[in-house]
Structures are given as structure tokens and as C-alpha cells.
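Engineer: Before I ask anything, here is the structure I am working with.
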Amino acid sequence: MADNNYDVLIIGSGPGGYVTAIRAAQLGMKVGIIEREHLGGICLNWGCIPTKALLRSGEMLDYANRASEYGLKLEGKMTADVKEVVKRSRGVSMRLNGGVGFLMKKNKIDVIWGEAKLAGKGKVTVGKPTKKIMEPQNPIPKNIKGEGDYTAKHIIVATGARPRALPGIEPDGKLIWTYFEAMVPQELPKKLIVMGSGAIGIEFASFYNSMGCDVTVVELMPNIMPVEDPEISGIARKALEKHGLKIITEAKVTKVEKKSNSIIAHVEGKDGKVTPMEADRMISAVGVQGNIEGLGLEDLGIKTDRGCVVIDGYGKTNVEGIYAIGDVAGPPMLAHKAEHEGVICIEKIAGVPNVHPMEKDKIPGCTYCHPQVASVGLTEAKAKEAGIETRVGRYMFNANGKAIALGEDNGMVKTIFNKKTGQLIGAHLVGAEVTELIQGFVIAMNLETTEEELMHTIFPHPTLSEMMKESVLDAYGRVLNA
């Protein structure tokens, strides 16, 4: 048993789990990470990374078919080979999956393959995995262990989340897809319905639309991407609809009839009228839920709430020695939140001085549709709800030289300041490459930057980033290039 005793055991090797394992090893701990299927978790294998590869293919196809706008000539219309598109996406995932294996070996972290269950204080039993372990073309790392009993001073649950299913409209993998099936289509559906317009739903809708599919999005809320600032999501909606996407808001799918190779979705509008809509396939993108089942949480009395483990700002549960991070610990369910949460958790365990608890209002959100959407902090509406007097700045992409030169002049940068203190409390962007621009505002918020400091910052020209400063200037009536 001595060889199976660790300072910390981490259940799950997604971004939160494997980053936490590396940081723990850096802090001198003996670390084991338990995984039942894929190193890198959903993000690297079936989420963040492969979807970006798919979206890049869609983006390239869009640009190719817009070649004449750039003074270029292509003979005929560019088309997509969906099997090659999927092959590239899977290849990107496998490359990164192997990279995680290398990092585990480099940092002398034991990889334990199997299904983990909490067996008591400081104890984990690992059983035979119920799922396929890794992709066949990727070798299993050599620094591995398997079934057995393991002990640790600290156990961190990082088991992630899975697609949520609506009763009566459960995905079947053939006609009704989750993101798993949507990521590896054998052929493109001519007509597709996407149920839900959060980041997952709108990204797949954008991808399939770029691939030439007839796509309809059905969203329950008044706006697509409901967590975003309505002004930003409104601009995104117009751009997506201009590109051919059909969007129905304040509506829900109440029933789905299945045929041999198609479905009929019954869509109920806000007026109560139900309209049948036929499509080849439907993607269910109505959110995700934490993987808390089968871990033995109930036996130890670990508190959960709405399918997620309840934690404090440092990842601690109500049971000593048990922690949780990432999607399984609740929203926002984002890979970068999981990574940062894991580092906070392990550094607090190790007694690193001045560890700050997670500040969720400073976590950026990104949606990689076309146009992209990115945000951090309070929306204008949320600021008003909180009773904060604000100054709001806006700057349009069509006034920026770099955006015009790129042929991407549709979008906006919106900044929100506390009127009394001048502190930046929110930033919301829509347009080309805003998922890269947002980090400038995230840093500013972490540094508690005021409008004066941003106004005195020099931004390079010509860049898209100049719009960030112009938006700040606009909030204070000093905009220069509009």
C-alpha cells in the first residue's frame, strides 16, 4: 500500500485536473491522477479544442467563398469535405491528448486508469473503467497504474460535466445529437435544428451554417447567448442571420417525432402556437450537468446542489480532506475557470501565502461563433440591478481601420465603468478576434484599473485593440475616431 499512498489524488484529468496535478508536483507533492477515459478530459478531446478546429475550417470556407471581396479569384465555389474536416479536428485533439501524457510523465505524476469511488476519509477505490480508454491511435502512457485501493491526505474531485437532457427529448446519438455526435458527422445534414443558443449551441450552429447547412436555432430566452449583454448578443444575432442562420427566440421544442432518417420538432412560440419543423438532425444544447454520480459523495455526506458539489472559494467541500474544482463544482463551466480554481485549491492546501479565493466576476467568457463574442464582469443591466451608477462607452468596428482592412467591420466594443470611482466593472465585445482582445480588459479589471489609466495607455496602430481605448474614451465623452 505504501506505493499507493499519495499527498494528493485528483479524480479527473481535464484542464482543471491535470493543471492541478502539475502545480501540486511543482510544490513537492506526490501526486496521482485518476482517469477513466481520456487524458485532457472533455475540453481537449470533445470540447474546447476540437470545436475550434471545426470552426476554423468553417471560417476558411467562408473566406474562400468571399475571395472576390479581397480582389482574389477562385475557379468555382469552394466546398467542404466533411470527413477531412472531422479528421483534422480529431488529429488536433490527439496531439494535445498526447501532450498531457507527456506532461504527466515529465512531472512524475502517476496516471491511474479506472473508475474512482470515495471509500472513506483519505481513501479511493479504483475499479475497472466502464468506458473505452483513450483513442486507439494514441498510446497509453507508461507511468500508469490500474485497479486497486489508494490513499491520500487530500482528494480533489475534478470529474467535469456532461450534456444535460430534457425529458422526452433525450439524445439518441443518431437523430438527436449531443456535442459528441455533432463533432464527428459522417455527412452533413441538409437541415439542422439546434435546441439552445448558449456557447455550445451557437458555435455548432455557426459551424454547420458555414458548412452550407440550413440551420435553425430555437432559444427559450428573448436573446441568444442569454448570459451576454443583450446589446452585444443583438449585434451577433443580426450578423448570424445575415449569414443565413435562422433564429427563433422565446420558443421551445415541446416534442420530437422520429422518422427513419429525420425528425419533426414541435416548436412552441411565446404565443402558445405550436409549429412542426422537419429536419435531418437536431442538436440538443440545453446545458450541462456535473458528473457527481457513482463517486460515493452521498456516503461521505458531501453537500451537492443542483447536480454540483458545493465548495468555498478555495475548493473545499464540507468534508475535511475532500475538494472539488471545475465544472463539477458549478458554473461558470469553463476550462480556464477550472484551471485557475485548481491552482487556488492546491496552493491553499500547500500553505502558499496570499492565496486569493476565486473571483467569478473576473472570469472571461468566450463564444467562437462568427462573429465572436467575449465578455467579462457586469453587463449594463446587471450593474443597474446592483444599484451601480455607470458610464458606458461604445465603439463600432466600422470605424476602425484594421477591421475595415480585414473585411471584418461588423462588431462593437462596450465598456462599463462605475461612475463614482471610475473603475472598470464590465467589458463586452462582438466581432473579429474579440476572444483574443478580451484578456486586456480582464487584466485591467484584476488590477482595478480606472478610466484614467486606460486613457493613458498607448495602443498600437493599426490594430483592433485600438477600439478598446476608443470605447473607454467614449464613456467619458472623449472619443477621437468616431
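Engineer: I'm trying to understand the selection: among the residues of the range 109-128, which are in contact (Cβ under 8 Å) with a residue 60 or more places away in the chain, assigned to a loop (DSSP other than H, G, I, E, B) and open to solvent by 10 Å² or more (accessible area, probe 1.4 Å)? Write out each step before concluding.
Structural biologist: The first filter runs over the range 109-128 and keeps only residues in contact (Cβ under 8 Å) with a residue 60 or more places away in the chain, leaving 109-122, 124, 126.
Now restrict to residues that are assigned to a loop (DSSP other than H, G, I, E, B): 109, 114, 121-122.
Within the range 109-128, Lys121, Gly122 meet the criteria.
Engineer: Could you list, ordered by first residue, the pairs with Cβ atoms under 6 Å in which the first is in the range 1-28 and on the phi < 0 side of the Ramachandran plot and part of a loop (DSSP other than H, G, I, E, B) and the second is open to solvent by 10 Å² or more (accessible area, probe 1.4 Å) and among the charged types (D, E, K, R), at least 6 apart or interchain?
Structural biologist: Close Cβ pairs satisfying both conditions: Ser13/Glu35.
Engineer: Among the numbered conditions (1) in contact with a helix residue (DSSP H, G or I) (Cβ under 8 Å, 6 or more places away or on another chain); (2) within 30 Å of Ser210 (Cα to Cα); (3) of a type outside the set (A, V, I, L, M), tell me where Gln289 comes up short.
Structural biologist: It is condition (1) that Gln289 fails.
Engineer: Under 7 Å between Cβ atoms, at least 6 apart or on separate chains: pull out the pairs that start in the range 219-244 with a residue that is in contact (Cβ under 8 Å) with a residue 24 or more places away in the chain and part of a loop (DSSP other than H, G, I, E, B) and end on any residue that is among the acidic types (Asp, Glu) and surrounded by fewer than 16 Cβ atoms within 10 Å (Cβ to Cβ).
Structural biologist: Within 7 Å, the pairs are Pro222/Glu250.
Engineer: Here's a follow-up. Of the numbered conditions (1) in contact with a helix residue (DSSP H, G or I) (Cβ under 6 Å, 6 or more places away or on another chain); (2) acidic (Asp, Glu); (3) crowded, with 20+ Cβ neighbours inside 10 Å, Asp62 fails exactly one; give the number of that condition.
Structural biologist: Every condition holds for Asp62 apart from (3).
Engineer: Does Thr125 satisfy the criteria of being at pLDDT 95 or above, over 16 Å from Arg36 (Cβ atoms), more than 26 Å from the chain's Cα centre (by Cα) and hydroxyl-bearing (Ser, Thr, Tyr)?
Structural biologist: Working: at pLDDT 95 or above: yes; over 16 Å from Arg36 (Cβ atoms): no; more than 26 Å from the chain's Cα centre (by Cα): yes; hydroxyl-bearing (Ser, Thr, Tyr): yes.
Spelling it out, it is not the case that Thr125 is at pLDDT 95 or above, over 16 Å from Arg36 (Cβ atoms), more than 26 Å from the chain's Cα centre (by Cα) and hydroxyl-bearing (Ser, Thr, Tyr).
Engineer: Mind checking which residues of the range 317-349 are among the polar types (S, T, N, Q) and either open to solvent by less than 40 Å² (accessible area, probe 1.4 Å) or part of a helix (DSSP H, G or I) (or both)?
Structural biologist: Applying the first criterion (among the polar types (S, T, N, Q)) to the range 317-349 yields 317-318.
Correct list: Thr317 only.
Engineer: Among the residues of the range 371-385, is any open to solvent by 40 Å² or more (accessible area, probe 1.4 Å) and assigned to a loop (DSSP other than H, G, I, E, B)?
Structural biologist: The answer is yes; a qualifying residue exists.
Engineer: Considering only residues that are at negative phi, small (Gly, Ala, Ser) and open to solvent by 40 Å² or more (accessible area, probe 1.4 Å), which ones fall in the range 350-370?
Structural biologist: Ala350
Engineer: Looking at the range 206-237 only, could you name the residues that are within 26 Å of Leu334 (Cα to Cα) and surrounded by fewer than 19 Cβ atoms within 10 Å (Cβ to Cβ)?
Structural biologist: Across the range 206-237, the qualifying residues are Leu220, Met221, Pro222, Pro226, Val227, Pro230, Glu231, Gly234.
The values are calculated or read from the model by the stated rules, or taken from the named source; none is laboratory data. Predicted, not measured: the structure shown is a model, and the values here were computed from it. Heads up, the Cβs are rebuilt from the backbone with ideal geometry, glycines too, and the neighbour counts pull from every protein chain shown. The accessibility values were calculated without ligands, DNA or RNA, using every heavy atom of the protein model including side chains. Shrake-Rupley method; radii C 1.70, N 1.55, O 1.52, S 1.80 Å.
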